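Trainee: Below you will find the structure I want to go over with you.
The values are calculated or read from the model by the stated rules, or taken from the named source; none is laboratory data. Remember, predicted model here, so these are calculated numbers, not experimental data. Positions of Cβ are generated from backbone atoms using ideal geometry, with glycine treated the same way; all protein chains shown enter the neighbour counts. Heads up: the accessible areas ignore ligands, DNA and RNA and are worked out on the full protein's heavy atoms, side chains in. Shrake-Rupley method; radii C 1.70, N 1.55, O 1.52, S 1.80 Å.
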Amino acid sequence: MRSYIKHLILMLFIFASCKGDKNLQKEVGQAQRGAALKELEQIQVSGTLKVVIDYNSINYFIYRGQPMGFQYDILHLLSDDMGVSLDIRVSNNIKETFDLLDSGTVDLIAKNLTITKSRKAKVLFTYPLLSSRQVLVQPKPESWRKMASKEVDEHLIRDVRDLAEKTVYVQKNTAFYKRLNSLSDEIGEDINIVTDSLHGVEQLIGMVANGKVPMTVCDEEVARLNQAYYENLDISTPVSFTQDMAWAVRSNSTALNEYISKWLLDFSKTRQYKMLYAKYYTSKRSRRYTANVSKSATSDHLSSYDDIIKEASKNIEWDWRLVASVVYQESNFNPDAESWAGAVGLMQLMPETADRYEITDLKNPEQNVYAGTRFLAWLDSYFMDHISDPKERVKFVLASYNIGLGHILDARRLANKYGKDMNTWDDNVAPFLLKKSLSKYYKDPVVKWGYCRGTETTNYVQNVMERYHSYANLLRAS
């Protein structure tokens, strides 16, 4: 794909160099193409693709402590192809979503956006990976289990003309809102459309199921997955024809759009795409995801040990979501976990660490997290005199927690010796931790702790931080 960018740049250069008499028009066109290419190049130079995504049981959610989702997984594959990292923001508010794109805060909207004429006038849509129709989500009658299908239908709206004078709740500024307005015109009667800016689509679906609102409208795939959890919902009445759905970039981001669209087109033909689609849309496992997210979407729940983690984090003045990411990385929230090296419990403590903090039962979640967080705090205080930036310092703390303080100090000394910043992790100290598996480096006089394989530790820091950012996106700080 990187060769595609070079080809694109070359073709635009050749095109811009063609002879012609319309000099002014030519110069404007060249400037526009140059700006479009510049934006794509800037993303690759910065090493970060900034994205806004929505939180629901398909696109982006946390399941048993692990961030995942259809759009989330695809974005990671795309960013790998681009050679950049992801900076993900979450918004379930459609106006805020487009404002983030328009202001330049994000480069890409990675949501299932319905492609409409009004939106096409404002943004560029990528190649559409999905298509769907909008359906009415309404509650079945109370005793629906005892009724025949025909009798159930008599209690439900099956003809959209019967929506006249009915009340339907939808998110403000969405395609669902616009469709209901159009439908009201088509049937020649008023539909009482109540706009809701506080709740996401799936929250509205849950409110219908629980009798808090009468009806809502959403995409059929989302409705189908949620119906697996809310069996008292009917989703069989379509209110629109099938429409393409895609991601979006700014209207002047032509090169970025071409890159992403070509990648999505190629990806849509792969077995990997088909497996991802089945995983999140059609498999029985997707129903468990939906149930889990539906239960936890408003509770900020990660594990059975959240309260313990929150209390211990408060005592050391760390973000509990960061500590939770460490716990997941260490044990997958399993208090009985044991490693080959003898580490035990939620935070995988070694016996000597337990002795240091007078812990008697390493498999006791409260004791284990108490000792683990105290050790994190000790490491943090050690680096505080050397690394003033707390965001940078935490990476050194995590690396030391994983492989030991001595190896990290060795890597810092090596970085300093070779002219790198010994107080910056990425591209400075981390590469020298990796080099400690080579004799030239682990036999260097500044190295005191000898050989180590740094791959696991560099991956550890990256994984913990990426998961923490996901937790921070999706869960409240306290």
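Trainee: Of the conditions (1) over 21 Å from S131 (Cβ atoms); (2) among the hydroxyl-bearing types (S, T, Y); (3) under 29 Å from the mean Cα position of the chain (by Cα); (4) open to solvent by less than 20 Å² (accessible area, probe 1.4 Å), S197 clears all except one; give me its number.
Mentor: Of the numbered conditions (1) over 21 Å from S131 (Cβ atoms); (2) among the hydroxyl-bearing types (S, T, Y); (3) under 29 Å from the mean Cα position of the chain (by Cα); (4) open to solvent by less than 20 Å² (accessible area, probe 1.4 Å), the odd one out for S197 is (4).
Trainee: Take the conditions under 29 Å from L108 (Cα atoms), open to solvent by 20 Å² or more (accessible area, probe 1.4 Å), at pLDDT below 95 and under 24 Å from the mean Cα position of the chain (by Cα) and apply them to K178. Does it pass? First the steps, then the outcome.
Mentor: Details: under 29 Å from L108 (Cα atoms): yes; open to solvent by 20 Å² or more (accessible area, probe 1.4 Å): yes; at pLDDT below 95: yes; under 24 Å from the mean Cα position of the chain (by Cα): no.
The answer is no for K178.
Trainee: For region 447-478, which residues satisfy the criterion of being farther than 17 Å from S85 by Cα, free of Cβ contacts under 8 Å to residues at least 60 places away in the same chain, surrounded by fewer than 17 Cβ atoms within 10 Å (Cβ to Cβ) and not charged (D, E, K, R)?
Mentor: W449, G450, Y451, T455
Trainee: Any residue in region 124-137 that is assigned to a loop (DSSP other than H, G, I, E, B) and aromatic (F, W, Y) sitting within a Cβ distance under 8 Å of a residue that is open to solvent by 10 Å² or more (accessible area, probe 1.4 Å) and at pLDDT 95 or above? List the pairs, counting only those 6 or more apart or interchain.
Mentor: Y127/S261; Y127/K262; Y127/L265; Y127/S268
Trainee: Just to verify a result, which residue in region 305-338, among those that are crowded, with 19+ Cβ neighbours inside 10 Å and among the polar types (S, T, N, Q), is farthest from the chain's Cα centre (by Cα)?
Mentor: Residue satisfying both the conditions and the ranking: S313.
Trainee: What do you reckon, is H386 open to solvent by 40 Å² or more (accessible area, probe 1.4 Å) and not charged (D, E, K, R)?
Mentor: yes
Trainee: Any idea which residue in region 87-107 is surrounded by the fewest Cβ atoms within 10 Å (Cβ to Cβ), counting only those that are without any contact (Cβ under 8 Å) to a residue 60 or more places away in the chain and aliphatic (A, V, I, L, M)?
Mentor: Only one residue fits best here, namely L100.
Trainee: Shifting gears a bit: Could you check region 42-82 and list, in sequence order, the residues that are open to solvent by 50 Å² or more (accessible area, probe 1.4 Å), in contact (Cβ under 8 Å) with a residue 40 or more places away in the chain and more than 23 Å from L113 (Cα to Cα)?
Mentor: Matches in region 42-82: Q44, R64, Q66.
Trainee: Would you mind stating whether S118 is of a type outside the set (A, V, I, L, M, F, W, C), under 25 Å from the mean Cα position of the chain (by Cα) and surrounded by fewer than 16 Cβ atoms within 10 Å (Cβ to Cβ)? First the steps, then the outcome.
Mentor: Numbers: of a type outside the set (A, V, I, L, M, F, W, C): yes; under 25 Å from the mean Cα position of the chain (by Cα): no; surrounded by fewer than 16 Cβ atoms within 10 Å (Cβ to Cβ): yes.
No: the conditions fail for S118.
Trainee: In region 179-200, how many are part of a helix (DSSP H, G or I) and among the hydroxyl-bearing types (S, T, Y)?
Mentor: Count: 2.
Trainee: Sticking with this one: Which residue is nearest to V327 (Cα to Cα), if the candidates are limited to region 58-87 and must be in contact with a Phe, Trp or Tyr (Cβ under 6 Å, 6 or more places away or on another chain) and hydroxyl-bearing (S, T, Y)?
Mentor: The selected residue is Y63.
Trainee: Can you tell me which residues in region 156-175 are open to solvent by less than 70 Å² (accessible area, probe 1.4 Å), touching a strand residue (DSSP E or B) at 6+ places or on another chain (Cβ under 7 Å) and farther than 27 Å from S143 by Cα?
Mentor: Of everything in region 156-175, those that are open to solvent by less than 70 Å² (accessible area, probe 1.4 Å), touching a strand residue (DSSP E or B) at 6+ places or on another chain (Cβ under 7 Å) and farther than 27 Å from S143 by Cα turn out to be Q171, A175.
Trainee: Still on this structure: For the structure I just gave you, tell me whether D444 is open to solvent by less than 70 Å² (accessible area, probe 1.4 Å), over 30 Å from P335 (Cβ atoms), charged (D, E, K, R) and in contact with a Leu (Cβ under 7 Å, 6 or more places away or on another chain).
Mentor: Considered against the rule, which asks whether it is open to solvent by less than 70 Å² (accessible area, probe 1.4 Å), over 30 Å from P335 (Cβ atoms), charged (D, E, K, R) and in contact with a Leu (Cβ under 7 Å, 6 or more places away or on another chain), D444 comes out as yes.
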